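Trainee: Mind looking over this structure? Questions follow.
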């Protein structure tokens, strides 16, 4: 006869097995159409490009060398690939500035929302949620219509006589920046708001009782308490901004490439799938580094309140 | 000053918040207004007209792409919601067991990778399968959409499950209900709002996707967003405004519904 302990253990094993069976379909689909193919990208980055796209099954580290370096066709020396470095630098710069811009705008907005009465808070949340769920391409297109030379911004500036000729914003880095800040703003506001909503304002009151200035209260009390939300928001904006495809394609014109456009080029006209793969992996490494920094930071700043 | 000193006030914050909300809605507002413009350019106002909606409606490419978007969105949303529900049941309301953390990481993985990288990965992988099997239908798009919709569908379902304790299920089991009967009569009805929210979220996410679809689709498999991207790159006509407006209305309707479903307390 089995002891009660053995029966309980068998039941537990059965439970764990059932739980694996239940999660199997989701895990398999993700393995097949998301995670698994990433490994193939890694393999492809070490192969030789085929003449008409795709690859030849021949090992080569050329793709990885040419992520940042280029070989001189005459004397075979390696030098820094200026074009790639420029695009990497532009993408990282634009992603960082976008993150900072959305933070500067999003933090006060989240604060404003969280300090409303409980009833109206839902309405403000709803108003921030709508753009969040509206198609990104449509929102980018909406920005395009505002900032182009015949758009409303230039029309108003011209009518007011502030400028004599329309300012060329479209197809510049500024346009990409405006577009990204616009489309990713809700991604910054929502997590900050989630932290801010839980903020205990008695702590703020205590700060004022101890003669803190408004700025000091903001810097020493409010900001440290909502820091997890700020970090989450920054990550949520930085990752898609770094890999942004739609915004630079629509607002940057063909010239101001970002990483995603460079990658796409390798799979299109460039016909260099291994290089495209190596670039993709590089983007992923940058993202993973950012995520890792986030996880470590979030672990450290486990501020508790309430 | 002491009498009306508000501890919640921060100078300039309200002004910035107001600017944010105006800036968020102004471009969308302008886009919608110009959808009703009679003039054929989007820089001057030529009076009210519905002709761009009519022209979009008569454009077979638009209708074709719209139907494809709905078809992929519906299948991907239903599949991902079913799989996400099962996964949520398997990963909540339990003591930690071997593999639980792995499951969380695996389910959320599509959220951690930039879309462009997933797009490229699927392009490579599926092009191999296409050569191997000869099949080039919309199955690839459905598979890709289902995969990246799973983490989104999983979110509200898991949240809902975590707020449900096991008391009722235990009571049902005590009264000799079979596990299936307990699930159907107790768990499922209680979980339903979460499942519905997950379904809508997944549908919207699928409908909105541009990047992954752009890389996975074969010739003649444009969805509405990839069709629109192609048009915008070629130059803009108010017809795109009209399509966007219709699309916008649909999104707002779904979000509103989602908001009420997920906010509803029982």
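The values are calculated or read from the model by the stated rules, or taken from the named source; none is laboratory data. Here the structure is a predicted model, which is why all the values come from computation and not from measurement. Cβ placement follows ideal geometry from the backbone for every residue including glycine, while neighbour counts extend to all protein chains displayed.
Trainee: Please work out if residue B:69 is crowded, with 16+ Cβ neighbours inside 10 Å and more than 30 Å from residue B:163 (Cβ to Cβ).
Mentor: Criteria met by residue B:69.
Trainee: Quick one: is residue A:274 over 20 Å from residue A:184 (Cβ atoms), touching a residue at least 40 places away in the same chain (Cβ under 8 Å) and in a helix (DSSP H, G or I)?
Mentor: In short, yes.
Trainee: Within the set of pairs 6 or more residues apart or between chains, which connect a residue that is surrounded by 15 or more Cβ atoms within 10 Å (Cβ to Cβ) inside segment A:56-69 to a residue that is modelled with pLDDT of 90 or more and not in a helix (DSSP H, G or I) with Cβ atoms less than 6 Å apart?
Mentor: These pairs meet every condition: A:60/A:48; A:63/A:45.
Trainee: While we're here: Look through B:94, B:81 and report the one residue that is within 13 Å of chain A (Cβ to nearest Cβ) and more than 23 Å from the chain's Cα centre (by Cα).
Mentor: Numbers: B:81 fails: more than 23 Å from the chain's Cα centre (by Cα).
Answer to the selection: B:94.
Trainee: Next up: Could you tell me which residue of segment A:240-269 is nearest to residue A:142 (Cα to Cα), considering only residues that are facing chain B (nearest Cβ under 7 Å) and not in a helix (DSSP H, G or I)?
Mentor: Only one residue fits best here, namely A:245.
Residue-by-condition table, conditions (1) more than 12 Å from every other protein chain (Cβ to nearest Cβ); (2) at pLDDT below 95; (3) under 28 Å from residue B:232 (Cα atoms); (4) not in a helix (DSSP H, G or I):
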| residue | (1), (2), (3), (4) |
| --- | --- |
| B:3 | yes, yes, no, yes |
| B:10 | no, yes, no, yes |
| B:29 | no, yes, yes, no |
| B:34 | no, yes, yes, no |
| B:40 | yes, yes, yes, yes |
| B:43 | no, yes, yes, yes |
| B:52 | yes, yes, yes, no |
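Trainee: Let me ask another. How about segment B:221-249: which of its residues are out of contact with any helix residue (DSSP H, G or I) (no Cβ under 8 Å at 6 or more places or on another chain) and either facing another protein chain (nearest Cβ under 9 Å) or modelled with pLDDT of 90 or more (or both)?
Mentor: B:230, B:249
Trainee: A further question on this structure: With the requirement that a residue be outside any helix (DSSP H, G or I) and surrounded by 16 or more Cβ atoms within 10 Å (Cβ to Cβ), what does segment B:137-181 give you?
Mentor: Matches in segment B:137-181: B:138, B:164, B:177.
Trainee: For residue A:112, are the conditions met, namely being more than 18 Å from residue B:13 (Cα to Cα), more than 16 Å from the chain's Cα centre (by Cα) and either facing chain B (nearest Cβ under 8 Å) or buried (at least 16 other Cβ atoms within 10 Å of the Cβ) (or both)?
Mentor: When the stated conditions are applied, residue A:112 does not pass them.
Trainee: Might you let me know whether segment A:32-47 holds any residue that is surrounded by fewer than 18 Cβ atoms within 10 Å (Cβ to Cβ), under 30 Å from residue B:120 (Cβ atoms) and more than 10 Å from every other protein chain (Cβ to nearest Cβ)?
Mentor: yes
Trainee: Out of B:255, B:261, report the one residue that is touching a residue at least 24 places away in the same chain (Cβ under 8 Å), facing chain A (nearest Cβ under 10 Å), out of contact with any strand residue (DSSP E or B) (no Cβ under 7 Å at 6 or more places or on another chain) and surrounded by fewer than 21 Cβ atoms within 10 Å (Cβ to Cβ).
Mentor: Unique residue meeting the criteria: B:255.
Trainee: Within segment A:138-155, is even one residue without any contact (Cβ under 8 Å) to a residue 60 or more places away in the chain, within 20 Å of the chain's Cα centre (by Cα) and at the interface with another protein chain (Cβ under 8 Å from one of its Cβ atoms)?
Mentor: yes
Trainee: Within segment A:226-239, count every residue that is touching a residue at least 60 places away in the same chain (Cβ under 8 Å) and within 11 Å of chain B (Cβ to nearest Cβ).
Mentor: The number of residues fulfilling the criteria is 1.
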